[in-house]
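Worksheet for the structure shown next.
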Amino acid sequence: MRKFLVTLLSLVLFVFSFGEKKLYVGTNAEFKPYEYLEGDKIVGFDIELMEAMAEEAGYTVKWNNMTFDGLLPALQMGKIDAVIAGMSPTAERQKAVDFGKPYLNFQTGHAVIVREDEKDIVKNEDLNGKVVGVQLGTKQEDLAKGYGAEIVRYDSFTGSLLALKQSKVQAVVLDEQSAGKYLKTMDGVKITDIIYDSDPGESIAVKKGNTKLVEELNAAFDKVVESGKYYEILNKYFPEKAAEMKL
């Protein structure tokens, strides 16, 4: 009898697992407070929002942490179903993938970070002709180029900050929210100015042509907003920005 019950339980678990809707989501867990690691667990605003949306849509999320510049290629090759990583739906990216509706719309700032003893870079315009480190594939590259900077790309923004401390670059451009979090634990560097993005907003990316998933995620997002869960998560990670949100 015991053997029969064990077999029955195993069968039930198998059927449940087989019928489970899985959503494979890529992210880059180096972008506090959007997504980052606490021990070996991925946490952050994007993570909690995606989990809440997936629950509304009937999915179980399977996370895949990878380099930022590898996210869209993985999406295009079908290795993952969606990407959430504080990603802006730029015109160039929209040529390669589709995006859901924006889930963050507050004014976006990008910090210009220099060494504390830096005298030549005081304002954004001083980036002209200077060597600036950015994370590969991010919007900060275009913003720094707009000021005439000479760009050096790194696989991670932590790599660019290390290069700054080692005097391999003269400045680093990084999302203002992430910069504020990480610079609390770093000495010898400072924020000297902020580049404001004229086209703010972050969205979830899906494979080009996957209209069904875009519609599912948009509907799930609306439900998370209507339930109040969205503002609960927003206040947890961006309390100072919550009042600015315009959905």
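The values are calculated or read from the model by the stated rules, or taken from the named source; none is laboratory data. Since we're looking at a predicted model, the values are computed, not measured. Note that each Cβ is placed from the backbone with ideal geometry, even for glycine, and that neighbours are counted across all protein chains shown. Surface accessibility is based on the protein's heavy atoms, side chains included, excluding ligands, DNA and RNA. Shrake-Rupley method; radii C 1.70, N 1.55, O 1.52, S 1.80 Å.
Where residues in the range 132-174 are hydrophobic (A, V, I, L, M, F, W, C) and part of a strand (DSSP E or B), which of them is surrounded by the most Cβ atoms within 10 Å (Cβ to Cβ)? Among them, the one singled out is Val173. The selection criterion, being within 15 Å of the chain's Cα centre (by Cα) and at pLDDT 95 or above, does not hold for Phe68.
Residues to consider are Val97, Val12, Val114; find the one that is modelled with pLDDT under 95 and either open to solvent by less than 70 Å² (accessible area, probe 1.4 Å) or among the aliphatic types (A, V, I, L, M) (or both). Walk me through how you get there before you give the answer.
Details: Val97 fails: modelled with pLDDT under 95; Val114 fails: modelled with pLDDT under 95.
Only one candidate qualifies: Val12.
Here Asp222 meets the list (1) free of Cβ contacts under 8 Å to residues at least 60 places away in the same chain; (2) acidic (Asp, Glu); (3) outside any helix (DSSP H, G or I) almost entirely, failing just condition (3). How many of the residues making up the range 187-199 are open to solvent by 40 Å² or more (accessible area, probe 1.4 Å) and assigned to a strand (DSSP E or B)? Qualifying residue count for the region: 4. Restricting Gly26, Gly129 to residues that are in contact with a Gly (Cβ under 9 Å, 6 or more places away or on another chain), in contact (Cβ under 8 Å) with a residue 12 or more places away in the chain, open to solvent by 30 Å² or more (accessible area, probe 1.4 Å) and small (Gly, Ala, Ser) narrows the list to Gly129. Using the structure shown, decide if Lys184 is of a type outside the set (Asp, Glu), under 27 Å from Gly44 (Cα atoms), open to solvent by 40 Å² or more (accessible area, probe 1.4 Å) and not in a strand (DSSP E or B). Yes, satisfied.
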